[in-house]
Amino acid sequence: MSERIEALGDWQRTNLAGDLRTADVGRAVTLCGWVHARRDHGGLLFVDLRDRSGLVQLVCSPDESATAHARAGELRLEYVVAARGMVRERPAETVNAELPTGAIEVAVDELRVLNTARSTPYPIDDTVEVSEPNRLRYRYLDLRRPRVQRNLILRHDVTRMVREHLNAANFLEVETPVLTRSTPEGARDYLVPSRIQHGSFYALPQSPQLFKQLLMVGGLDRYYQIVRCFRDEDLRADRQPEFTQIDLEMSFVRPTDVMEVVEPMIANIFTAVRGTPTARPFPVLSYADAMRRFGSDRPDLRVDLELDDFSTCFAGTGFRVFAEALAAGNAIRGLVVPGGGAALSRRELDELVGFATAQGARGLTWIRIAADGWQSPAVKFLSDAERERLGGAARLSPGDLLVLLAEPELLASTILSQLRLQLGERLGRVARDEDRFLWVVDFPLLQRDPDSNRYAAVHHPFTAPVDTELDRLEGEPLAIRSQAYDLVLNGIELGGGSIRIHRPDVQLRVFALLGMSETEARDRFGFLIDALAFGAPPHGGIALGLDRLVMLLAGADSIREVIAFPKTQRAVCLLTDAPTPVDPAQLRELGLRLL
Ligand code: ASP
């Protein structure tokens, strides 16, 4: 095999392969790309030439150019070539209607081999399933495949639309540091040792949160950045150690002002990509209502089932399980499943009980409304009056199913929200091909961390409490609402943000509730408290997860499908093998010794 490699020389590419159409017939073209396929048909050599735009068929005939034909005979898959020739119509019987360029071909008169290629570990083709480790180890080959390329093109289109929208709304794109100090978003930091100051470390930002606030203090008024964030977490399917946010911040705003910038931006992106209009305005639900009706602060509104509180139906009940729960201050919450009684077998109903107990519930009560009456292991404990109240409150009709839980709030929500999704799926009550957006607002400011029994910020420590509740901050911390908001799509949190604390005294009070003494607060966040004391304007913003957004738009099942060089679940880059051990000399330079 000849390995003669030529230079591109003075050839200049005139067209992209996949763009050629019948209108180009008669045109002399110079194309560059990869050998995607090669066929030898009785003297004629056919080469499918591939570039980012697609494929075109090259024909090399010994009669038209003996040299080009001979050169084509040496080609192997994935060789890099440049070809010069004439676009011509294909003979009618060889037209390929499947291919956008299928009506034409290029009759080659000169061919240059720009590089050879080893045989690839898998075909450069979407029709073949390749294992993920193999895809990631040779990601540059995987990137040659149309599906991954489509995803990256989509990602580019999304960021372009984001920039256009925000530029038009007078935002400035500003870069913030990657080597910084810890920016708490609730995850572990990635640390970078300082060579110049042994024993000191930079942290990679979990988000640009504090810098974007400082940009507001700096008078920049409106900031955005499409920015990498780093969080050292245990990875799940839709997480990466480094991920990208569409991050923005605005001065002199209320929550609705931020929402009014973001909502049309997201709606326009979905309209453009889906090709169908996105319904607006997005509904707005308070956190309390979301929890009550769906058991979740990011409910999937495509599922046509709702939870309710049926406690009042059981006032003074003789059903011991419910009586005890009510006495303990728990609610009797339930999910009405129209048609669920008819659709689920006795065994499947028992499985619901098994599911609930496996999650830590003491039990689950199901009631099936059959044509000839109510069926339920609990039916004998319920009085006629209770049944009447319940039937009315839950609007039960024959064929329906009611599942009831008498557990503490959080546990009941967790279980019922999952049952809502499972049963919605099982009974075909999910509007699969709709995009159902919503805003969730009025989150609590603080929650109790079950491990430490301390207060923890629901959003982050810089989120402002509702102004009118500020005077009750120390009195009833858990009852205070924050000015935070989340954007949710189909049960997935696309992003979240808040109005921030812009007064140093309020920031110190919140730090104090979080268990930080003033000394500690000044030690860690002195720069922020100082900045707030120099005339910080009221401000707020939001961050949206770009990877997840593009994943949803691409219909992909992992964010790794929309990231050019992702890491595995074990946070390893299979392409470069990072992270790797380092040279002892490097450690010495950094003043580090391994344990
Ligand atoms: N910094 C926040 C986050 O990363 C977003 C925000 O509050 O703007 O989730």
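Only the coordinates and a few stated rules stand behind these numbers; no lab work does. In this text, all values refer to a predicted model and were calculated from it rather than measured experimentally. Positions of Cβ are generated from backbone atoms using ideal geometry, with glycine treated the same way; all protein chains shown enter the neighbour counts.
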Original post:
Which residue, chosen from Tyr485, Gln422, Ser452, occupies the Cα position most advanced towards the positive end of the dipole of the stretch 421-486, where the dipole is computed from +1 (Lys, Arg) and -1 (Asp, Glu) charges on Cβ about the Cα centre?
Top reply: Gln422
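Distances longer than 17 Å among the Cα atoms of the stretch 495-595: what percent of all pairs is that? Please report the intermediate quantities before stating the final value.
On the way: 3674 of 5050 pairs.
More than 17 Å apart: 73 percent of the Cα pairs in the stretch 495-595.
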**OP:** Can you give me the three principal axis dimensions of the chain from its C-alpha atoms, in Å, biggest first?
**Re:** 98, 73, 52
**OP:** Compute the separation of the alpha-carbon centres of the stretch 191-239 and the stretch 356-373 and state it in Å as a whole number.
**Re:** 48
Original post:
When only Cα pairs under 8 Å and 6 or more residues apart are kept, what is the percent relative contact order across the chain?
Top reply: 13
Original post:
Percent antiparallel among DSSP beta bridges with both residues in the stretch 435-550, to the nearest 5?
Top reply: 100
Original post:
Against the longest alpha carbon principal axis of the chain, how many degrees, from 0 to 90 and to the nearest 10, is the axis of helix 384-393 turned?
Top reply: 40
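Which net charge results when you count Lys and Arg as +1 and Asp and Glu as -1 among the other residues whose beta-carbon is under 12 Å from that of Thr176? Please list the in-between numbers first.
Numbers: positive: Lys212, Arg228; negative: Glu173, Glu175, Asp247, Glu249.
Cβ neighbours under 12 Å give a net charge of -2.
Just flag the GluC sites (Glu not before Pro) in the stretch 112-184 sitting in loop per DSSP whose Cβ has no more than 16 other Cβ atoms within 10 Å. Don't skip to the answer; put the middle values down first.
Numbers: sites: Glu129, Glu164, Glu173, Glu175; in loops: Glu129, Glu175.
Those satisfying the criteria are Glu129, Glu175.
What ranking do Cys573, Cys313 get, fewest neighbouring Cβ atoms within 10 angstrom at the top?
Numbers: Cys573 17, Cys313 22.
Result, fewest neighbours first: Cys573, Cys313.
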